[in-house]
Amino acid sequence: MTAIAPRFGPQLIRLLLVTAVLTVGLLGALAGTASAHAALTGSDPKDGAVVDVAPREVTLTFSEQIAMGDDSIRVLDPSSKRVDVAKMQDLSQGGTVRYAVGLKPGLPDGTYTVAWQAVSADSHPVSGAFTFSVGAPSATTATVPDQEAGGGLVGTLYDAARYISYAGFILLVGGAAFVLACWQRGASVRPLQRLVVGGWVTLTAATLVLLLLRTPYTGSGKLGDMFDLGGLSDVLDTKTGAALVSRLLLLGAAALFIAVLFGAYAKRVTEAESEQDGEGNAEAGKAKADLAFGLSLGGTVVAAGIAGTWALSEHASTGIQTGLAMPLDVLHLLAVAAWLGGLVSLLVALYRVPDIERAAVRRFSRIAFTSVVVLAVTGVYQSWRQVGSWDAWTGTSYGQLLLVKIGLIAVLLGAAWFSRRWTGLLGEDAKTAEADAEADAEAGVKVGVKAGVDVAEETAEEDVADVADVAEAGTTADPERAAQLARQRTALATARKKRDRDADTERSGLRRSVLIEACVALVVLAVTTALTGTEPGRTQEKEVSRTGTEAAAPAPARPVNLTEPFDTGGTKGKGTLRLTIDPASPGTNLMHVWIDGPDGKPMDVPEVKVAYTLKSQQIGPLPVVPERLAAGHWSAGNVQIPMPGDWNLQVTVRTSDIDQTTIEKNVKIG
């Protein structure tokens, strides 16, 4: 096999430019489409609500699990001063995700701003703000960050690092797999070594950048905070931080794998090929096979572990069927790396290595086909799991991006079909050449003529080289003449390579089709990165249904807020009852009960009981026994109200063994 110099025609240059523009455009749109699973689905007080009495705390309800710190909820008065005083409380119960923060007592009338930020279970930051008023709305100077969490320069850098980390993983795993499974002699080829080592360096650097950017990405949004050691310590306690650190540790093992692959293994491959003695060759071949098996097994474990760091911290770890989704996501990433990483390795070999065997190309073709089958199976499952319905394909940003990815995959498969066709022609060409040689040998004439021509060409080239060598030997003292002879030899070698390249039309066609595949793969990788940062269609549809943002959805129910004095008649029997029911609609509701003493401070009592009765339908009383959360504070997170209507609410407060009273009020449900 002769060497083939790379040649980029105008069409291929234009293709590369278009690919670069598309990739940059998709990365630029990443911040605009990125969002996460969790969303704020309710609050107490409601956004825009006007309450008569200042609440003792602000409660936020979310669609899914989130991670929050003590400073994640801030409440600002009209002059932009903070009025939240207590540490954040986790009031989550069952499937309800709810957090609260206490407020200073005796807040004056006016409009208050609640700003919050959190990190969803799939590692993406979310944030928002809303207002409520005490007494009556007022002017406010409170300010909240203009950009959403995960946006701005920090968000762009973080998304770029995620893209680069995927690319590094593909080059590292795919390049190593190409050497071990397709072309073992490539272990000693410098361009392939640089490709795999470059993938390792890229993934390691990108992972370190992601770890440092995690603090500003999920918090302040200030780039300087990436060197905040306190914030970095907090990041290490999160699921994403643990995944990134695990990735760095696994990359340490990958470095050892690379050293053995391009050191001891490359040496064994060279020894096995150079051995002439039959027994020695068998021994060298066995040693090479044993080392190849060990590298394959160990490399697969390390590669699966690195892929698992994505599966454990992103979309696969949230939603439905996570026990099945995470291992399939690992398999999906490994198949992507084997296909696209092997594709880049083949491209490098076709352009930079003069003698890659046809058998190696055919082996990669079979591996690529298997990878595509694995991608199809795992991709169909992940699409069903994340999209959820047919409408979500076009009605959500996740579904639209997934359609773009499927279209690009179709283009990639079309280019792969041409590559597979050229690969087949390479094999046919070799068989045809052998048949022609046998026929020419029998006839004797054509072979003799062809051999004479080849010998003449080679002799002429050798004569030129010999003359150049003689001239060089006689003029070594003349640097100018030596440089001229060197240029002549280079020109002669270039002409020979050009002749061989132009004569091998099958390989030229294969290089072009593989280059197109690699260009499309760059765009596919950008879309995949965007998908990992976009809220899945199944979750988006749930949020639309839950929040009632569709035109046909009914208006949300208004929560019940009740404040009543009581007197049980005994010692310390006087106080004030405050009760809230959210969302005060048929189905599951959250109820909070507060008991305050005459001085406005929390008043602990032995027992609080609640019952609901719908007299018009002869339903009830339905008893509710709230749980005590703190002094003077009770809650029930699964209050089931079967239908709308005017319900009679009875709250019994007992202040001693014999002193109690029942407060009755009619409340509107639904």
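The values are calculated or read from the model by the stated rules, or taken from the named source; none is laboratory data. Model, not experiment: these values are computed from the prediction. Cβ placement follows ideal geometry from the backbone for every residue including glycine, while neighbour counts extend to all protein chains displayed. We work out accessible area using only protein heavy atoms, side chains counted, and drop any ligands, DNA or RNA first. Shrake-Rupley method; radii C 1.70, N 1.55, O 1.52, S 1.80 Å.
Quick look at the numbers
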read-out	value
Residues residue 362 and residue 239, FRET efficiency given R0 of 56 Å [Cβ-Cβ distance, rounded to 0.05]	0.85
Spin-label model distance (nm) - residue 287 vs residue 483, 7 Å beyond Cα toward Cβ	4.7
Dimensionless Rg ratio for the stretch 44-94, taking C-alpha atoms and the 2.2 N^0.38 Å reference	1.26
With all protein chains modelled, accessible area of residue 664 [1.4 Å, Å²]	110
Global geometry of the stretch 285-362, whether rounded, prolate or oblate, following the gyration tensor of its Cα atoms and the 1.5 cut on a/c	oblate
Rounded FRET efficiency, nearest 0.05, which uses the C-beta distance separating residue 410 from residue 300 and R0 of 25 Å	0.30
Contour minus Cα-Cα distance for residue 629 and residue 255 (0.36 nm per residue)	129.4 nm
Area accessible to solvent at residue 104, 1.4 Å probe radius, in Å²	90
Tensor-based shape of the stretch 199-258 (alpha-carbon gyration tensor, a/c under 1.5 rounded, otherwise prolate or oblate)	prolate
nm² value of the averaged projected area, convex hull over the Cα atoms of the stretch 595-638	4.1
Sites residue 194 and residue 321 - FRET efficiency at Förster radius 51 Å, r taken between beta-carbons, to 0.05	0.80
Potential extension, residue 50-residue 222 segment - 0.36 nm per residue separation minus Cα distance	58.5 nm
Euclidean distance between Cα centres, the stretch 321-373 to the stretch 594-642, Å	62
